[in-house]
Each structure stands twice: as C-alpha cells, then as structure tokens.
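Inspection log for the structure reproduced underneath, given as structure tokens.
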Amino acid sequence: MSSGCAMLVDAAGRVAANDSSWDREFCKLLFGGDMRVRFAVAAAVMSLALSVAAQKEMHIVHARGSFEIKMTPVEPTDFEKANDITRFTSDKTWHGDFEGVSHGEMITGSTASTGSMAYVAIERMTGKLNGRQGSFTFSHRATMMKGDAPSAGDVSVMVVPNSGTGELTGLTGSLIIHFDAQGKHTWTFDYSLP
C-alpha cells in the first residue's frame, strides 16, 4: 500500500492491488482536490440545516392573561418564627391564553432592620395553553425591598426543565407577573414548544 493510505477496496469490495497510480488518485480524491470542496460544501449545508431546525424549535410564543389567587398561611416552625420566614400555599385560577388552575407552596423571608425581602415558590400548573392540554411546573425566585413596587424587585418565574406533560411536553419559557393599582394580577408568558 503506497502514498500513506491504508488498505484500499475497489467498488466490488476487492482489495486493490498495489497499483500505485490507483492509490495516488484515490488518496488525491480522498484527502485533496475536489473532495475538500465537497466536504466544505456539505459542512456548510449541514450547518445551515441545523441552524434552521434550531430556530424552528425555538419559535417563541407570547401568551397573556390574568389570574385570581388565594394564599393560605401554613403553621410556622420554631425556626421559621425565629427567622422571619413564612410559608403559604397558593391556589390560582388562570384565564387567557392559559386556562386552568395551579397549586403551589411559597416561602418568604425578610430582614426587618434593612427591609430586604425574598421569596421562592414551586407551582404546578394544569390546564390548556393555547389549546394544548397538559401540566408543567413553574419555579419562582424574587428579591425586593420593603415599600418597593412589586415590579421593582428582581423576579424570575421559569418553567422547570422537562416538567411538561401531555401536549405540553418539552415546554420552556418564562413568566412575568404584573400588578395594577387595584391589585389585579395579569401575566405575560414567553414560551416555546417543540
């Protein structure tokens, strides 16, 4: 075998004889000349196809609506009493592009001397999102200062990865909660589904 190529097999599957001209031509096609151009074009086409597929999968949908909420305090532990921590359960009824209910648990904490406050929550959603039935989980995290408007704090409400079921399997996205002067809760939800 010449030209640094390994064992060569012809189109019929036979090991080629030690024909150095055949070896040279094969290696030239394999490692140089037109083969490099073909490889570059194939790589560019594959890259473009993957990019288009990724954009198709990441199509963002903007949903909106409102909800009513009932918050119920949970009996605090001694630790929670000593550290200004409060737990609540929440029950919401959702309207708009998401029609359904949710149940969650929230833990809040505050520091009286500085006015800093925070909360974390887990909320399980069940219903129809733009006509697609299923359930999923939101994870909430927020920090703010006492007296600030709720929108002034650092708030994050994200879909827990891989929490979607039914027609909402693969759901990703983030929710923003809005409060008006009368205390009504509205929301916008930017999401994508495969």
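The overall shape of the stretch 54-156, judged from the alpha-carbon gyration tensor, is prolate: a/c is not under 1.5, and a/b is greater than b/c. The Cα center of the stretch 154-175 and the Cα center of the stretch 124-141 differ in position by 7 Å.
Any of 70/184; 92/146; 70/92; 92/128 with alpha carbons more than 18 Å apart? Name them for me. Pairs exceeding the cut-off: 92/146. Taking amide H as placed 1.01 Å from N in the peptide plane, residue 178 has its amide H under 5 Å from the amide H of 186, 187, 188, each at least 5 places away in sequence or on another chain. For the peptides 137-148, 91-102, the ranking by packing is 91-102, 137-148, with the highest mean count of neighbouring Cβ atoms within 10 Å listed first.
Bear in mind that the values in this text are calculations on the coordinates, not laboratory data. Please read all numbers here as calculations on a predicted model, not as lab measurements. No Cβ is skipped: glycine too gets one built from the backbone with ideal geometry, and neighbour counts run over all protein chains shown.
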